[in-house]
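Q: Could you have a look at this structure, given as structure tokens, before my questions?
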Amino acid sequence: MEEPLIICEKKGEGVSVVRLNRPKVRNALNSELRQQMADLFIQLNDDSQTKAIVLTGGDKVFAAGADINDFLTTSTVDMYLRHSERYWNAITNCRKPIIAAVNGYALGGGCELAMHADIIIAGKSAKFGQPEIKIGLMPGAGGTQRLFRAIGKHKAMKMVLTGDMISADEADTMGLVSEVVEDEATITRAIEIAEQLSHYSPIALAQIKEVANLGVDMPLEGALALERKAFQILFNTHDQKEGAKAFLEKRPAEYKGH
């Protein structure tokens with residue numbers, strides 16, 4: 001019986017841990033794995049028991065990029081007809097907070113996958129890069145867009161033009177990751193943050209994600225207006241009233257997600 005390409009486990013209250021499971025090929029992202037991952041994220045997005053998601057590749061490697069075997073005979077039309085954006089959109093459109101736990105290589109599609117997360121916890125062994133240029137290609141899932149927005153044009157341009165890797169500490173200095181920890185603490189720290197978020201209002205978390213992701217590419221005036229509207233909308237939710245009441249009564253809030 002073949003091993004599943006994606007493993008999902010429940011941890012604590014409301015946390016789903018999603019692990020890539022192709023260790024023999026450093027979690028290379030072939031079409032089958034990406035389809036299974038997209039399907040899973042769609043399920044978790046609609047799962048009321050999942051409040052936050054941890055995405056990891058395991059203790060040694062996150063994902064070393066696309067499966068190059070997929071590229072040997074693929075034509076332009078083949079690549080177009082795959083509509084691979086649907087794989088990534090399933091993650092982008094997920095309303096739940098996503099925390100990536102990255103040890104080892106996060107290269108090419110692996111780096112792009114990590115950048116789809118809301119928070120990135122990197123182990124000291126983590127290496128990030130967009131090496132597509134070294135095989136006559138360019139990034140195709142956000143490496144020339146999300147990376148530039150995360151760390152700025154000139155740092156990102158150096159990475160995509162040279163294909164060189166950066167260390168976890170360099171990624172931290174550039175603002176590509178949220179936090180750097182010892183390798184053995186990476187998944188534990190990611191789950192700890194996910195558990196913290198799982199106790200917050202799901203609808204408020206979803207609004208924060210939506211406003212932040214949409215607003216970053218808008219003119220400031222429009223983005224601030226979007227933020228105000230989302231802020232105002234929350235005052236008509238059960239969770240906002242429950243949060244204020246619980247604070248005044250000095251007790252934990254019981255959020256419902258509406």
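The values are calculated or read from the model by the stated rules, or taken from the named source; none is laboratory data. Being a predicted model, the structure only gives us computed values, none of them experimental. Note that we place each Cβ from the backbone using ideal geometry, even for glycine, and neighbour counts take in every protein chain shown.
Q: In this structure, is Asp183 of a type outside the set (A, V, I, L, M, F, W, C), in contact with a strand residue (DSSP E or B) (Cβ under 8 Å, 6 or more places away or on another chain), surrounded by fewer than 19 Cβ atoms within 10 Å (Cβ to Cβ) and more than 25 Å from Val15 (Cα to Cα)?
A: The answer is no for Asp183.
Q: Within region 191-211, which residues are touching a helix residue (DSSP H, G or I) at 6+ places or on another chain (Cβ under 9 Å), assigned to a helix (DSSP H, G or I) and of a type in the set (Gly, Ala, Ser)?
A: Ala204
Q: Report, by residue number, each residue of region 99-123 that is more than 18 Å from Asp169 (Cα to Cα) and either among the basic types (Lys, Arg) or part of a loop (DSSP other than H, G, I, E, B) (or both).
A: Matches in region 99-123: Gly108, His116, Ala117, Asp118.
Q: So Pro23 ticks every box in (1) within 25 Å of Ala168 (Cβ to Cβ); (2) touching a strand residue (DSSP E or B) at 6+ places or on another chain (Cβ under 9 Å) but one. Which box is left unticked?
A: Only one criterion in (1) within 25 Å of Ala168 (Cβ to Cβ); (2) touching a strand residue (DSSP E or B) at 6+ places or on another chain (Cβ under 9 Å) is unmet by Pro23, namely (2).
Q: Please pick out the residue among Ile98, Ile68, Ile120 that is among the β-branched types (Val, Ile, Thr), out of contact with any Asp or Glu (no Cβ under 7 Å at 6 or more places or on another chain) and at pLDDT 95 or above.
A: Ile120
Q: Kindly indicate which of Val54, Val17 is in contact with a helix residue (DSSP H, G or I) (Cβ under 6 Å, 6 or more places away or on another chain) and at pLDDT 95 or above.
A: Within the list Val54, Val17, the selection yields Val54.
Q: Right, another one. Of the numbered conditions (1) among the hydrophobic types (A, V, I, L, M, F, W, C); (2) touching a helix residue (DSSP H, G or I) at 6+ places or on another chain (Cβ under 7 Å); (3) part of a helix (DSSP H, G or I), Leu81 satisfies every one except a single condition; which is it?
A: Condition not satisfied by Leu81: (2).
Q: Is there any pair with a first residue in region 219-232 that is assigned by TED's automatic domain parsing to the domain that holds Gln207 and without any contact (Cβ under 8 Å) to a residue 24 or more places away in the chain and a second that is charged (D, E, K, R) and part of a helix (DSSP H, G or I) whose Cβ atoms are under 9 Å apart and which are 6 or more apart or on different chains, and what are they?
A: Pairs found: Leu226/Glu210; Ala230/Glu210.
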